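Only one structure is covered here, and it is reproduced in the block below.
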Amino acid sequence: MIQQRPGAALNVVMLGPPGAGKGTQAERFARTHGLPKISTGDILREAVHEHTPLGCAARETMDRGELVGDAVMIGIVGERLGRPDTPGGFVLDGFPRTVPQAEALDDMMRGRGPLVVVDIVVPEDVLLRRLAARRICGDCGINAAIEWTLNCGQCGGELVHRTDDGNGVVRERLKVYHRQTKPIVEFYAGRPTFRAIDGNQPPDLVTAAMDAAVREASLVTAPVKGAAL
Ligand code: AMP
C-alpha cells in the first residue's frame with residue numbers, strides 16, 4: 001500500500017494510447033488501493049449498451065474512433081467526481097483526452113489534493129498487435145483476462161472484439177490520440193507529480209512500475225498553475 005500524507009487523497013490519472021494497458025493497470029491499482037476506477041470508455045459503453053440518450057448520441061462517434069465532445073465528457077466526469085466515494089481518491093482511465101478536458105480537470109481538483117499523472121509508453125507496432133488480439137465480454141463489457149479463451153471469467157458471457165478495435169478504426173483512434181491526446185502529455189510533463197512508465201513489458205512488471213511511480217510522485221507536492229496539486 002502506498003503511504004500518503006495523513007488525510008491526503010490518492011488521485012491518479014492514467015495516460016497512454018489505445019492498447020497501452022491503461023484499463024488493466026487502472027483496474028489493478030484501484031483494487032489494490034481501494035479506490036474507485038473511473039473509466040470514461042466504460043461509462044460510454046454502458047450507456048450505449050443500455051440505449052440511454054447519452055449512449056445513442058455517442059455511439060456513432062465511438063464507432064468511428066473519434067472523440068465524444070469535451071462538454072459532454074467534462075459533465076460526465078464532474079458528476080462522477082461529485083459522488084461520495086471519491087474524496088479519498090480515484091483512478092481516472094480515459095480522461096482527460098484533450099487539453100480542454102485537462103484544464104477542466106484542474107478546476108475540478110481544487111481542494112482535492114495532489115493529482116498524480118502516469119503516462120504508459122508503448123511503441124506503435126506493439127499497440128497494433130495488442131489491439132488486434134484484444135477481446136471484451138459481449139455481455140458485461142469488461143476486458144478479457146489473458147487466461148480466458150471463449151467466455152468471460154466473471155459472468156460467462158461470450159468474448160467478442162470491441163467494435164472500435166477493427167483495423168481501420170484502430171488506425172483512426174491512434175491518429176486521434178496523436179492529434180488530440182498526446183498534447184496533454186506536454187500539458188502535464190513539467191509537473192512534479194508526472195511520471196512516464198514503460199508499458200512494453202509483462203503486465204505484472206507494469207503494475208510494479210506504476211506502484212513505484214505513484215508512490216514516489218505522491219510524496220512530491222507543489223502548486224502548479226493555481227491547481228491544488
Ligand atoms: P476507451 O475505452 O478509453 O478507449 O474509449 C473508447 C471510446 O470512448 C473512445 O474512442 C472515444 O470515442 C470515447 N471516449 C472515452 N473517453 C473519452 C474522453 N475523455 N473524451 C472523448 N471521448 C472519449
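The values are calculated or read from the model by the stated rules, or taken from the named source; none is laboratory data. Everything quoted here is computed from the prediction, not taken from an experiment. Quick reminder, even Gly has a Cβ in these numbers, built from the backbone with ideal geometry, and neighbours come from all protein chains shown. Just the protein is used for accessible areas: all its heavy atoms, side chains included, with ligands, DNA and RNA removed. Shrake-Rupley method; radii C 1.70, N 1.55, O 1.52, S 1.80 Å.
Any chance you could count how many residues in segment 105-145 are touching an Asp or Glu at 6+ places or on another chain (Cβ under 7 Å), in a loop (DSSP other than H, G, I, E, B) and closer than 27 Å to D70 by Cβ? Of the residues in that region, 2 qualify. Looking only at segment 8-57, count every residue that is under 21 Å from A102 (Cα atoms) and among the basic types (K, R) and tell me the total. The number of residues fulfilling the criteria is 2. Taking segment 165-191 as the range and being modelled with pLDDT under 85 and surrounded by fewer than 19 Cβ atoms within 10 Å (Cβ to Cβ) as the test, the residues that pass are G166, N167, G168. Among the residues of segment 134-165, not one is over 17 Å from the mean Cα position of the chain (by Cα), small (G, A, S) and within 12 Å of the ligand (Cβ to nearest atom).
Give segment 38-63 a look and list any residue that's in contact (Cβ under 8 Å) with a residue 40 or more places away in the chain and within 8 Å of the ligand (Cβ to nearest atom), or say none. Before the answer, list the steps.
Initially, segment 38-63 is screened for residues in contact (Cβ under 8 Å) with a residue 40 or more places away in the chain, giving 38-42, 45-46, 49, 62-63.
Correct list: S39, T40, G41, D42, R45, M62.
A Cβ distance below 8 Å, combined with a sequence gap of six or more or placement on separate chains, defines the contacts here; from segment 162-180, residues that are closer than 15 Å to E60 by Cβ reach residues that are near the ligand (Cβ under 9 Å from one of its atoms) and among the basic types (K, R) in the pairs D164/R173; V169/R64; E172/R64. Within segment 8-37, residues that are more than 23 Å from A189 (Cβ to Cβ) have Cβ atoms under 6 Å from residues that are among the basic types (K, R) in these pairs: E27/K37; A30/K37, counting only partners at least 6 apart in sequence or on another chain.
Scanning segment 89-101 for residues that are more than 11 Å from the ligand (Cβ to nearest atom) and buried (at least 18 other Cβ atoms within 10 Å of the Cβ) turns up G89, F90, V91. Residues in segment 117-135 that are over 14 Å from L174 (Cα atoms) and either of a type in the set (D, E, K, R) or open to solvent by 20 Å² or more (accessible area, probe 1.4 Å) (or both): D119, A133, R134, R135. When the residues of segment 16-67 are filtered to those that are among the acidic types (D, E) and over 30 Å from D125 (Cβ atoms), the one that is surrounded by the most Cβ atoms within 10 Å (Cβ to Cβ) is E46. Against the conditions (1) modelled with pLDDT of 95 or more; (2) over 24 Å from D125 (Cα atoms), N151 satisfies every one except (1).
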